[in-house]
Amino acid sequence: MTTRRIFLRNSALAMVGVGTAPLWLKRALYAADAPSPRKKILVAIFQRGAADGLNVVVPHGEKAYYSLRPTIAIPRPSRGEKREDAAIDLDGFFGLHPSLAPLKPLFDQQHLAIVDAVGSPDPTRSHFDAQDYMESGTPGLKATHDGWMNRALPKVEGKVSPVRAVSLGTTLSRSMAGPNPAIALQSIAGFQVRDAQAAKQFQDMYMQSKDPAMQTAGRETFEAVSMLQTIQKQTYTPAAGAEYPRGKFGDSLRQIAQLIKADVGVEMAFADIGGWDHHVNEVGQRASEGQLANLLTQYGQGLTAFWQDMGDRMADVALVTMSEFGRTAHENGNRGTDHGHANSMFVMGGGVKGGKVYGKWPGLEKEQLYEGRDLALTTDFRDILGELVSKHLGNPTVKGVFPGYAPKFLGMV
Amino acid sequence: MRKRALLALGCALGLAAFPGISAYATKKNADGARQFLRQIPNNARIAQALSRLTFGPRPGDAAVVRSMGLKKWIDLQLDPARMPENPVLAEKLKTLDTLTMSGEQMVRNYPSPQIVKQMVAGQMPFPADPDRRMMIEKLVAKAERKQGQGDQADPKAPQAQPLTDVLPREQIRTLRMGTPEQRLAAFQALPKDKQDDVIGAMPAGMRQGLFQIAPPELRRKIEMANGPAQVVARDLMESKLLRAIYSNRQLDEILDDFWFNHFNIFLDKGADRYLVTEYERDVIRPHVLGKFRDLLEATAKSPAMLFYLDNWQSVGPNAPQPRGPNAKKGQRGLNENYGRELLELHTLGVDGGYTQKDVTEVARCFTGWTINQPQRGGSFTFNRRTHDMGAKVVLGVTIPAGGGMEDGEKVLDIVAHHPSTARFISTKLAQRFVADDPPASLVDRMAQTFLKTDGNLREVMRTMLDSKEFWSEGAYRSKMKSPLEMVASAVRAVNGDVDFVFPLANQVAQLGEPLYRKQEPTGYSNSSQEWMNSAGLLARMNFALQLANDKMPGVKVDTAKAAKPDDSTAGMTLGSPEFQKK
């Protein structure tokens with residue numbers, strides 16, 4: 001009997017033959033047929049400030065897009081000299097911003113999926129509230145104390161890794177806060193008390209604290225410190241010549257890769273990249289220049305480097321990006337855009353059915369716009385996150401992760 | 001000596017001097033509201049006042065308050081003008097000369113690379129001060145040399161001046177290898193006019209080494225050589241910490257921090273680099289105990305806010321300046337950024353009862369509120385040609401067509417006196433000063449005072465400080481210190497002598513609160529939850545040890561000197577869970 005696995009191997013070998021198979025697949029093929037004990041990992045990226053989804057995933061097939069944005073639209077795909085300043089076609093209708101060129105091969109290899117006209121159904125245009133809703137996973141509800149990622153951690157018996165949920169930065173992200181242990185980590189190397197003797201004393205002190213919040217935070221911290229001790233001494237060189245962009249975002253992704261590859265038990269990681277609130281001069285003199293282009297370059301390079309660095313480990317990983325809301329369909333008076341509604345999301349990973357723009361396109365004609373001004377929403381962000389929690393992480397209780405909402409899966413995983 | 005120092009530390013932390021503290025550590029949660037009715041004992045009131053109305057007690061502060069009387073001390077804090085300022089603070093602030101400059105003066109004296117280019121091109125005058133002019137001319141020369149080296153690798157282009165051209169080898173040796181004292185002495189022995197050349201020619205490492213031991217004036221010169229525009233940002237951060245640590249007007253400093261954060265501006269957004277100094281000094285500071293309406297108007301008209309929230313570029317759809325389907329590329333229109341944040345963050349609050357339509361209408365009212373020459377220090381101006389002349393309706397109030405600058409002022413009147421604003425401001429103040437989740441009863445009374453007194457912020461503070469909730473078990477030691485509070489209070493607790501404060505400002509950033517660099521208009525959270533996490537806790541412990549062991553650059557700590565080298569008591573105390581609370 002031809003098993004499914006052998007079938008997969010044969011068809012994959014065919015891919016290897018023509019040089020299109022991803023690295024992880026190659027290694028998986030030649031590995032023993034035993035099931036992997038490795039856990040699935042979910043990485044979430046938050047683009048703070050409301051990224052302009054319409055200039056990131058460009059609806060170049062939509063005439064209204066160009067009339068609404070006379071000075072800041074990304075030009076239609078072009079084969080000529082202007083190629084570098086034009087959208088990169090994905091499917092004849094949508095295109096990527098030219099600064100995201102490094103992601104195009106991932107899309108072509110079907111490891112990168114895009115969802116358009118997606119976001120939070122809550123009408124708020126407040127950055128703060130919208131981020132809060134997206135991170136709590138409960139649009140419209142302010143009383144939710146914990147974040148969706150904390151609730152999405154699969155329930156397990158017995159001891160869990162103290163670093164199973166890691167939020168990069170000096171503060172713990174709202175997405176990850178909650179009753180399950182989760183740590184904030186700015187740098188792996190700096191994650192310690194530098195004096196060993198004092199470290200022990202501090203540990204006792206926090207364990208004995210009568211303040212329950214302090215005691216919990218202290219215990220989680222010191223458990224994580226001892227977990228990370230061994231990898232702190234190693235210098236980390238990204239694999240496959242991956243080059244992370246300079247800055248906080250690149251540093252975050254590099255450290256997430258390092259943690260995952262060190263097999264210390266990471267199941268969830270969170271990082272953010274700010275600066276998307278482009279009310280003024282969003283696009284420079286050319287589409288490949290200006291504030292949005294610069295930020296997208298960093299963002300695209302970061303994701304690409306992470307992919308290359310992770311190599312075959314990407315088989316266990318799904319990475320998803322989100323931003324609190326989109327921006328007005330029309331440009332404002334200052335070559336920028338104001339706060340809008342629906343946006344786009346990226347999902348990347350070895351098990352992701354990529355190479356496709358998911359979601360129903362609502363159109364940009366006046367009567368199709370949300371409140372007459374913004375891209376309308378056709379997919380709830382919880383549909384995407386819910387599918388990843390359920391199908392990728394294998395958490396069966398997705399209803400508890402998004403209380404009061406039953407995610408509709410798009411079949412991306 | 002050592003015992004005395006440690007005892008003083010313990011007193012300052014309020015651990016030994018006030019009985020029964022451990023009993024309070026176990027409270028919270030269980031019976032929420034009732035906690036705010038139960039009063040703390042009299043002997044804990046001074047500790048509560050010092051922990052909430054100052055950046056932490058110094059040794060001896062409690063005794064001062066006790067002998068003066070708590071009520072009188074609070075009255076003084078609420079009326080800072082009656083209090084003489086600490087002369088030590090004035091001395092430490094003296095070299096930070098950008099603090100007293102106008103934006104325009106700063107642009108000229110501490111120019112960004114673009115401005116330097118304009119000076120060279122004759123579009124802008126050099127600074128009048130001959131020394132400063134010379135320094136800038138040297139920067140220009142250096143930049144030109146660098147450019148020559150860069151692109152084409154032209155062999156004829158002049159090379160950067162090597163140190164060996166300026167100094168004999170012997171002196172270079174001393175500057176490189178000498179003890180700190182020798183290095184400083186060797187440098188200071190150079191003739192004055194040569195010092196600038198030497199700084200310019202030094203490799204970065206050597207310059208940094210000199211910086212660590214330099215007296216304030218020399219530090220200034222080195223900072224200039226590193227990049228004059230950076231000096232402005234450093235002065236701001238340094239002054240913030242120096243004031244928090246040394247000012248006698250502690251409540252005034254906390255309120256300055258609170259209100260700057262409420263009307264937050266991100267220092268690194270373009271022209272704001274030169275506008276924030278004035279903003280904090282002339283817009284925020286004078287009004288923190290005044291009328292809210294005045295504070296609000298001052299922020300609305302400040303070049304810093306107009307730039308940060310883009311209003312300076314906003315043009316009305318019905319403005320006299322022609323605009324239509326044939327509008328040329330680059331012609332401007334409405335920008336609703338300020339209009340939205342004015343309602344959401346500055347006044348009504350996000351649930352304060354406004355709509356998207358209100359946001360757009362408010363934005364139209366503020367069209368024409370703009371800045372003269374924002375890149376050169378800027379000043380407020382009203383431009384009638386870009387103002388929307390049509391009628392507007394804001395929160396149900398009609399603002400008739402044909403108005404000018406008064407349209408915006410009417411909006412400020414409406415929102416400054418709105419009950420939602422009274423409640424929103426009171427909630428935020430109570431969250432900062434009383435508890436993360438302040439009791440509604442207290443917020444109600446503060447909001448009533450706000451409305452009754454036409455937004456008199458001193459009276460709102462008084463209502464809060466006279467309340468039983470402020471002095472309750474629910475409030476006492478319930479909040480976690482912000483990074484700024486943690487760093488300032490630690491230095492105060494050990495009576496640290498700060499010679500150079502920039503490393504401390506860096507610490508505050510390490511702990512998660514880069515000063516003047518919160519990018520979002522929300523500012524930092526007033527709730528403690530933000531700061532309770534592993535990265536922050538570890539950074540606090542490391543800072544505590546570093547400070548107490550006298551290893552913090554720029555700060556001298558006597559306690560550690562008095563203690564034995566292996567005694568880490570002070571560090572353990574400053575890093576303890578208790579010290580993170582206030």
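The values are calculated or read from the model by the stated rules, or taken from the named source; none is laboratory data. Not measured: the values here are computed from a predicted model. We place every Cβ from the backbone using ideal geometry, glycine too, and count neighbours over all the protein chains shown. Surface areas here come from the heavy atoms of the whole protein model, side chains and all, with no ligands, DNA or RNA. Shrake-Rupley method; radii C 1.70, N 1.55, O 1.52, S 1.80 Å.
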Report task. Collect the residues in the stretch A:140-170 that are within 24 Å of residue A:120 (Cα to Cα), within 14 Å of chain B (Cβ to nearest Cβ) and either charged (D, E, K, R) or over 17 Å from the mean Cα position of the chain (by Cα) (or both), keeping them in residue-number order. Result -> A:140, A:141, A:142, A:143, A:144, A:145, A:146
Query raised in the report: Which one of A:308, A:232, A:285, A:258 is over 30 Å from residue B:267 (Cβ atoms), modelled with pLDDT under 95, open to solvent by 10 Å² or more (accessible area, probe 1.4 Å) and of a type outside the set (D, E, K, R)?
Result: A:232
Report task. All but one of (1) in contact with a strand residue (DSSP E or B) (Cβ under 8 Å, 6 or more places away or on another chain); (2) more than 12 Å from chain B (Cβ to nearest Cβ) hold for residue A:242, so report the exception by its number. Result -> (1)
Query raised in the report: How many residues, within the stretch A:185-198, are more than 8 Å from every other protein chain (Cβ to nearest Cβ) and either open to solvent by 70 Å² or more (accessible area, probe 1.4 Å) or outside any loop (DSSP other than H, G, I, E, B) (or both)?
Result: 1
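Listed here are the residues, each with its yes/no results for (1) touching a Leu at 6+ places or on another chain (Cβ under 9 Å); (2) within 11 Å of another protein chain (Cβ to nearest Cβ); (3) at pLDDT 95 or above.
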| residue | (1), (2), (3) |
| --- | --- |
| B:310 | no, yes, no |
| B:321 | no, yes, no |
| B:324 | no, no, no |
| B:327 | no, yes, no |
| B:363 | yes, yes, yes |
| B:370 | yes, no, yes |
| B:374 | yes, no, no |
| B:381 | no, no, yes |
| B:394 | no, no, yes |
Query raised in the report: Looking at the stretch A:288-296, is at least one residue part of a helix (DSSP H, G or I) and in contact with a Ser or Thr (Cβ under 6 Å, 6 or more places away or on another chain)?
Result: yes
Query raised in the report: Listed residues B:340, B:285, B:332; which is within 25 Å of residue B:519 (Cα to Cα) and more than 10 Å from chain A (Cβ to nearest Cβ)?
Result: B:285
Report task. Only residues that are open to solvent by 50 Å² or more (accessible area, probe 1.4 Å) and either assigned to a helix (DSSP H, G or I) or outside the structural domain of residue A:133 (by TED's automatic domain parsing) (or both): list them for the stretch A:365-402, please. Result -> A:366, A:367, A:368, A:391, A:399
Report task. Confirm whether residue B:348 is within 17 Å of residue A:126 (Cβ to Cβ), assigned to a loop (DSSP other than H, G, I, E, B), modelled with pLDDT of 95 or more and within 13 Å of chain A (Cβ to nearest Cβ). Result -> yes
Requested in this report: Write out, first by first residue and then by second, each pair whose Cβ atoms fall under 7 Å of each other, whose residues are 6+ apart or on separate chains, and whose first residue, in the stretch A:276-292, is assigned by TED's automatic domain parsing to the domain that holds residue A:56 while the second is among the β-branched types (Val, Ile, Thr).
Outcome: A:278/A:337; A:282/A:72; A:282/A:337; A:283/A:72; A:287/A:74; A:290/A:283; A:292/A:283
Query raised in the report: From A:129, A:108, which residue is open to solvent by 30 Å² or more (accessible area, probe 1.4 Å) and either closer than 29 Å to residue A:311 by Cβ or within 14 Å of chain B (Cβ to nearest Cβ) (or both)?
Result: A:108
Query - Hits in the stretch A:138-157 (condition: within 25 Å of residue B:351 (Cβ to Cβ) and part of a loop (DSSP other than H, G, I, E, B)) - result: A:138, A:139, A:140, A:141, A:142, A:143, A:144, A:145, A:146, A:147
Query raised in the report: Looking at the stretch B:493-512, which of its residues are open to solvent by 10 Å² or more (accessible area, probe 1.4 Å) and out of contact with any strand residue (DSSP E or B) (no Cβ under 9 Å at 6 or more places or on another chain)?
Result: B:495, B:502, B:506, B:507, B:509, B:510
Requested in this report: Kindly establish whether residue B:482 is free of Cβ contacts under 8 Å to residues at least 60 places away in the same chain, open to solvent by 10 Å² or more (accessible area, probe 1.4 Å), more than 25 Å from residue B:208 (Cα to Cα) and more than 10 Å from chain A (Cβ to nearest Cβ).
Outcome: yes
Query raised in the report: Somewhere in the stretch A:344-356, is a residue out of contact with any strand residue (DSSP E or B) (no Cβ under 6 Å at 6 or more places or on another chain) and either open to solvent by less than 10 Å² (accessible area, probe 1.4 Å) or not assigned by TED's automatic domain parsing to the domain that holds residue A:287 (or both)?
Result: no
Query raised in the report: Is the stretch A:207-228 home to any residue that is more than 9 Å from chain B (Cβ to nearest Cβ), within 22 Å of residue A:309 (Cα to Cα) and not in a loop (DSSP other than H, G, I, E, B)?
Result: yes
Report summary line: Scanning the stretch B:125-152 for residues that are open to solvent by 70 Å² or more (accessible area, probe 1.4 Å) and over 22 Å from residue B:217 (Cα atoms), the one modelled with the highest pLDDT turns out to be B:125
Query raised in the report: Within the stretch B:455-486, restricting attention to residues that are among the acidic types (Asp, Glu) and assigned to a loop (DSSP other than H, G, I, E, B), which residue is farthest from residue B:540 (Cα to Cα)?
Result: B:466
Query raised in the report: Which pairs do you get when a residue that is within 20 Å of residue B:275 (Cα to Cα), found in the stretch B:102-130, comes within reach of a residue that is of a type in the set (S, T, N, Q) and open to solvent by 30 Å² or more (accessible area, probe 1.4 Å), reach meaning Cβ atoms under 7 angstrom, with the pair 6+ apart or on two chains?
Result: B:124/B:118
Query - Residue list for the stretch B:503-523, filter: in contact with a helix residue (DSSP H, G or I) (Cβ under 6 Å, 6 or more places away or on another chain) and not acidic (Asp, Glu) - result: B:504, B:505, B:507, B:508, B:510, B:511, B:512, B:515, B:516, B:521, B:522, B:523
